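Following: one structure in C-alpha cells, then a few remarks.
Derivation of every value follows stated rules applied to the coordinates shown; laboratory data play no part. Bear in mind that the values here come from a model prediction, so they are computed numbers and not experimental data. Note: ideal-geometry Cβ built from the backbone for every residue, glycine included; neighbour counts use all protein chains shown.
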Amino acid sequence: MDRILSGIQPTTDGFHLGNWLGAIRNWVGFQEKAECYYCIVDLHALTVRPPAKVLRRNVFGMAVSLLAVGIDPERSALFVQSRIPEHAELCWILDCFTQLGDLNRMTQFKDKAQQNEKNVNAGLFTYPVLQTADIVLYKATHVPVGEDQEQHLELAREIVRRFHHHYGDLFPEPKVIRSEAPRVLGLDGKTKMSKSRDNFIGVTEDPDTILRKLRSAVTDPRRLRRKDPGRPEVCNIYSLHGFFSGSEERAEIAEGCRTAGIGCVDCKKRLHANLTTVTEPIRERAEALKACPSRVWDVLEEGRRRASTTARATMAEVRERLGIGEGGS
Ligand code: AQP
C-alpha cells in the first residue's frame, strides 16, 4: 500500500483555494486507497516568527478546516509537527546530507527572502531539509503538493540518495503527486495564491468576504470598460470558473467575455454563486467544529499517537545505521 505524507503551514487560521485545489483536495481522495499522514507543520511556520497565541489559533483553525473539507481522522493520522520531536532530530541528521549548493538553488527560498528582506533566517534556508525529514520519517512513497513544492521534492530525493550512498537503503524515494491545479493564481492574477501575500480567498470565508475579495480581483487588464471585448484565456476569474462552474456555463461565459456580452462584474457574481455553493457547506461544518474545540484537540492527540509510533520506529533504524543513540557496545 502506498504511504502518503503531506503538510500545510499554519500561517493563517485556515487554507485558501490554492492550497485546497493544489494539494488538499488530493489529500481527501487518497484516504480511500493509501495510508495517509497529514501534518500541520508549525515548526515550518516559525520561520516567520508568529506570536505564540496566533500560532496556536492557526494550528486549531487549520485542523478545523482540514476536518471540514473531509480529512477523516478514522482513516488518516492528522497531527501537529512539533508534537513529534523526531522531525527536528531527523532534520539535523539530514542537514549533514544536504549540500549548500543545492539549498542555494531553491527558488522558494529566493522568493521568500525577497518578500521579507528583514528576516532571511537559516530556518528559511534549510526549510526543504525539514520537509525531507517530515516525509522520510514516515517512509512516505508519495507526496501530493502544488507546483511550488516540486523543486523541494527533487531535493528530498537527492538527500535520500546521499543518505543511502553512505549508510545503505532505508527510505523510499518520495514521488510527487501533481494535482489538476498545480498553481492557482492570487487575486492579483499574477502571483501564486499565497497566505503570506494576502492575495487569497479562504475556503472557510463567509460569502460577503468572498464577494468583496472577488470584486477587487484583477481580470483581463485590456478590458478597461464594460463594452471592451475580453480574453478569457488570460483572465484568472475565468480560470477559477474552471473549478466551480459547469462546462456549459463556462462556454457561455467565455463567449460572453469575448463579445462583451457579459461584463467582469457579472462574471465575478456568477463565480461567487458557484464557488459559495461549494464552500458554504464547508464553512458550516467548520463553524460546528469550532464550537467543540476539545473534539478537535482530541483528533490531533490521536493523530500524534499514531504518527509517533511510526516516527519512533524509523528513528530507531536511523540511529542504528548512524551509530548514535542507544544500542550496540
Ligand atoms: N497557489 C497555489 N496553487 C496550488 N497549490 C498551492 N499550494 C500552496 N499555494 C498554492 C500548495 O498547498 C500546500 C500547502 O502549502 P503550505 O502552507 O505548506 O506552503 P506554501 O506552498 O508556501 O503555501 P502558501 O499559501 O504560499 O503559504 P505561505 O504564504 O504561508 O508560505 C502545498 O502542497 C503547496 O504546494
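Points to keep in mind about this one:
- A simple rule links phi to the HN-Hα coupling: the Karplus curve 6.51 cos²θ - 1.76 cosθ + 1.60 with θ = phi - 60°, which for the stretch 178-191 gives 7, 9, 6, 10, x, 8, 7, 7, x, 5, 6, x, 10, 9 Hz, with x for Gly and Pro.
- Overall, the stretch 192-327 carries a charge dipole of about 560 debye about its Cα centre when +1 sits on the Cβ of Lys and Arg and -1 on the Cβ of Asp and Glu, all other atoms neutral.
- Cβ-Cβ distance of D298 and S247, R₀ of 56 Å, FRET efficiency by 1/(1 + (r/R0)^6): the value works out to about 0.85.
- Spacing of the two label points (7 Å from each Cα toward its C-beta) at V54 and A291, in nm: 3.0 nm
- Restricting the calculation to Cα atoms, the stretch 207-287 yields a radius of gyration followed by a Dmax of 13.0, 42 Å.
- For the pair the stretch 3-34 and the stretch 59-91, the centres of their Cα atoms are 11 angstrom apart.
- Most fluctuating residue given options V59, V69, V234, as computed from a GNM of the chain linking Cα atoms under 10 Å: V234
- Approximate spin-label separation E317-L224, in nm, with each point projected 7 Å along Cα-to-Cβ: 6.3 nm
- Which listed pairs, of K190/K269; K33/K139; K33/K290, have C-alpha distances above 27 Å, in listed order: K33/K290
- Size descriptors for the stretch 56-157: radius of gyration and Dmax over Cα atoms are 15.1, 43 Å.
- In this Cβ point-charge picture (+1 for Lys and Arg, -1 for Asp and Glu), the chain has a dipole of about 980 debye about its Cα centre.
- Result for the chain in a Gaussian network model with C-alpha springs under 10 Å: among P207, P229, P221, the largest mean-square fluctuation is at P221.
- Multiplying the residue separation of L170 and K190 by 0.36 nm and subtracting their alpha-carbon distance yields 3.1 nm.
- In the stretch 240-329, GluC sites (Glu not before Pro) in a DSSP loop with at most 12 other beta-carbon atoms within 10 Å: E326
- Quotient of C-alpha Rg and 2.2 N^0.38 Å, computed over the stretch 4-49: 1.22
- With q set to 0.07, 0.08, 0.13, 0.14 Å⁻¹, the log10 of I(q)/I(0) for the chain, from the Debye formula over equal scatterers at the Cα positions, is -0.32, -0.41, -0.99, -1.12.
- Most fluctuating residue given options V129, V143, V54, as computed from a GNM of the chain linking Cα atoms under 10 Å: V54
- Residue-wise HN-Hα coupling along the stretch 304-313, computed from phi with Karplus coefficients 6.51, -1.76, 1.60 (Hz; x: Gly, Pro): 4, 4, 5, 5, 5, 4, 5, 4, 5, 5
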